[in-house]
1. Calculate what fraction, in whole %, of the accessible area of segment A:100-170 sits on carbon and sulfur atoms when a 1.4 Å probe is rolled over the protein chains.
2. Over segment A:435-479, with every protein chain in place, what whole percent of the accessible area is carbon and sulfur at 1.4 Å, could you tell me?
3. Ordering A:S139, B:S205 by how much accessible area each has at a 1.4 Å probe, largest first, what is the list?
4. Over 24 Å between Cα atoms, which of B:K186/B:K318; B:K137/B:K175; B:K64/B:K183; A:K175/A:K227; A:K261/A:K447 qualify?
5. How well do other chains shield peptide B:358-370, expressed as the mean number of their Cβ atoms within 10 Å of each residue Cβ?
6. Report Rg (one decimal) and Dmax (nearest whole number) for the protein assembly as shown, counting Cα atoms only, units Å.
7. If you take each beta carbon of peptide A:29-42 and count the beta carbons of other chains within 10 angstrom, what is the mean?
8. With respect to the axis carrying A onto B, what is the closest chain A residue by Cβ position, and how many angstrom separate it from the axis?
Protein chains: 2
Amino acid sequence: MNGAESLIATLAAAGVDTCFANPGTSEMHLVAALDKQSQIRSILCLFEGAATAAADGYARMSGKPGCTLLHLGPGIANGLANLHNARRARSSIVNLIGQHAFSHLTRDTPLRSDIEAIARPYSDWLRTSKSALEAGKDSADAVLAACTPPGHIASLIVPANVAWESGGEPGAVPKSLPAPLPKREKIENAARVLRSNLPAALLLSGNTLQGKGLESAGRISSATGAKLFVPYPFSRLERGVGRPNVQRIPYAPQQAKEFLKNIRHLILVGAIEPLAYFASPTRSATLIPSECEIHELASPNEDCAGALDAIEIELDLKKTSHRPTSETGRASIPTGSISLEGLAATIAATLQERTIVVDESMTAGRGIMAAATNAPPHDWLANTGGSIGIAMPLAVGAAAACRHCPVLCLSADGSGMYTLQALWTMARESLRITTVIFANRSYEVLKREFASLGIGAPGQAARNLFEIDRPELDWVALAKGMGVPSVRIHSLEELAKALMHGYASQGPSLIEVVLAPNS
Amino acid sequence: MNGAESLIATLAAAGVDTCFANPGTSEMHLVAALDKQSQIRSILCLFEGAATAAADGYARMSGKPGCTLLHLGPGIANGLANLHNARRARSSIVNLIGQHAFSHLTRDTPLRSDIEAIARPYSDWLRTSKSALEAGKDSADAVLAACTPPGHIASLIVPANVAWESGGEPGAVPKSLPAPLPKREKIENAARVLRSNLPAALLLSGNTLQGKGLESAGRISSATGAKLFVPYPFSRLERGVGRPNVQRIPYAPQQAKEFLKNIRHLILVGAIEPLAYFASPTRSATLIPSECEIHELASPNEDCAGALDAIEIELDLKKTSHRPTSETGRASIPTGSISLEGLAATIAATLQERTIVVDESMTAGRGIMAAATNAPPHDWLANTGGSIGIAMPLAVGAAAACRHCPVLCLSADGSGMYTLQALWTMARESLRITTVIFANRSYEVLKREFASLGIGAPGQAARNLFEIDRPELDWVALAKGMGVPSVRIHSLEELAKALMHGYASQGPSLIEVVLAPNS
């Protein structure tokens, strides 16, 4: 057994079952090992930023570690931006990164680079495997690091000679320790606040956005009147009819302040203080009112769902049951010409049960999530790190993890262009992804930011950097070019029809919605 | 004058006239400064890896520094892979990288990252500007660092408050010192070798691949019989009829060894020892025969053209003139069905004078350069670092630098997919680029590498990672999707017609050549 074989066998034994790969020459022994390992499905991505985002989406939806195979320094470099997002999502990811053989690293060849330095900024755990004998243990350690709650990015660099030399032994993967409960004082303090009847909100994150944690949050909210909030960037939220209504803090600082203005106690449950994404010369990054006290119930590294469970016991709520959002029946499907409100209503009215919504719709889609609050139960995945260009590959990973669920991928046109290669993998893998492109043909968010500078309207040079309408991107053609059936819609009824067609399909499709600029 | 304005004014005064940009919110004051600065043209790229490669192409062809504007950590991260290539090309590039305001960096916001750590592995010079007062001098220092021979990557991180605060002053850009001549002993040693009549070759790089340096090399070769070689990875080579014939060392190690087997003295002129790109369990990375001595005439940091000039004086060659390659008249344009030889011959027979050829044709295009040896004078640009995905954006930069020259961009399909966003910028800027996609629908180089492992044929899982034919990429549609006129050709005469049409056009076009697998 060579090093590569021991490494891949270890991953398989640890439950890694999917590898998003874009290998090169130095990774051929790893490819050969994957070729023999039937428990791991290798999924080809045509760009590494698609592979890392896919691994993120896979981890978010499967509860298992996402895995990538990347080619040397440039491979991990291309994957970094979406690792930034994955790290902010606290996703569990194991990156296998090829490296030259040790003998080759002593010589000045074109692809020599300091891969540890490149990977370090976005890796929580980082190691270069030193020998075939250690490769199995190294990969076991990588999985353990990735899976240690709440989830981490583990990057294992595999020199070619480590992969090809014999003497490999599979490593044993110990079960990761569960996250610890917060200290008693934090639980008692939060319970005291919740009993106070002052305007309070739980700011939820991590495992309180799904399953038992979310149910606890719902019961606490019903019993105490505390609101349930989620930060604008979040990893995965279960929502829809019958589930607690968790409201998202808006992106725009002024709207976020307005949203938060009445809260006097903000209880952080695995979340951190909400802040403006960007600094401004004229306003503070702080979003909560000055009268608001922040209380940490659980840090991101603590057992957040367990903390809510402890709160329930403290408040003696166990026997009360969460009052589900009232089932009001589906809204009727709107018709007529395209507007942002109409798009949101159409998407909400057609959403299928168990759909995974991947949302990077940016300025055009800001009303969709609220509109879908009472749609059938579904998951919502957001961009966690603000690095634009995640939606389509994140959808690839989510769909690969949940092959029986439809995936709705909402992408702005500008952000979609960063990782459009993901469309090809959707087709290759026959993934059930319906991608909606909101084509306002501009970086609308930048227009708004420029306008807020107070220096007047942008000149032609600045507009050239904000407008992507010359030439117009033709997403129907781009999708066709990568094997994804596509359509441009001109009315809400056409959108509804295309969405229903997409949900019913066993493969991917793309819907282009052309919007007026400034929408 | 705010910091951003002083910074941009300094760049303009230093001769920076083009900025390949993909800005975000934190760069809005830099955008506003560019908006007022008519001497710098901002060119929008829809992905940062396209921006850095375009800056590389611009620097290679203009002799001026290429410039990028990138958004925070993810922006520079996405640009790194082609900065790896640019650094290997020793191109002069100034990266302007946004950063949060200092006050914002103290808080844990989604886009916070250690940008210095991300940029450092591929930056020769790196600085975070500390104040508006210093921003002008910082950008002057960045230009000086970038332009110090032979060319460097300079990354200047610009916090938002540095950009928006007042008190900026333009910096003065000192002229960079010329590269020093090599020591006398190195020149005398090389002259002695060249007089010896033993089989010798000059391995050329840097400024000996163009202009006076190349002319010197040609005269030395004619007078001494020394061959002229260029490493497989090179930045820019002037060639074609009337110019010295510089032969490229092949990529494949076995072919490279065969090519070099008779050489007994290899004189490095700004080049480093040629080596195999990758290690192998069964062969050494060394390509030159054991009997061959290596002599360094000039290091990459020394004045290579000056060193050849000194050799000419030493050999008393000044009055002899280089014997140009005989002008044999153009070969006739081939016709008939598509073959690799036919493609190479067609491209060679139709090449226009002053064409800039950007070559990342990979396995399918390995015969083209040799076929075009006696085509009209032209430039050839190669991938210098082995990070795949450079051709189309490198062509963008070259075409933006030389708007009157036709550019021929030769790209494999697999490599083209990494940075296909460059097609949009070709259309936006009406760049005279004719892109030829060699669609063999596989990572053919990986198939060959796998076969060389001696472990038999790849199984289905491995083939899934090498073959990109399911679904087939439709490059005609992809180009159309980004506003580039496109055609699929089915014969050599169709190719010739499409090439001539492309050369005559004032904008971009794309030609897809579908090849049988294994070609």
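1. Reported share for carbon and sulfur atoms: 52 percent.
2. On segment A:435-479, the fraction of accessible area on carbon and sulfur atoms equals 53 percent.
3. B:S205, A:S139
4. Result: B:K64/B:K183; A:K175/A:K227; A:K261/A:K447 exceed 24 Å.
5. For peptide B:358-370, the averaged partner shielding equals 0.
6. 29.3, 103
7. Partner Cβ neighbours, averaged per residue: 4.
8. A:A477, 2
The values are calculated or read from the model by the stated rules, or taken from the named source; none is laboratory data. Only a predicted model underlies this, so the values are computations on that prediction, with no experimental measurement involved. So basically every Cβ, Gly included, is an ideal-geometry build from the backbone, and we count neighbours across all protein chains shown. With ligands, DNA and RNA removed, areas are computed over all heavy atoms of the protein, side chains included. Shrake-Rupley method; radii C 1.70, N 1.55, O 1.52, S 1.80 Å.
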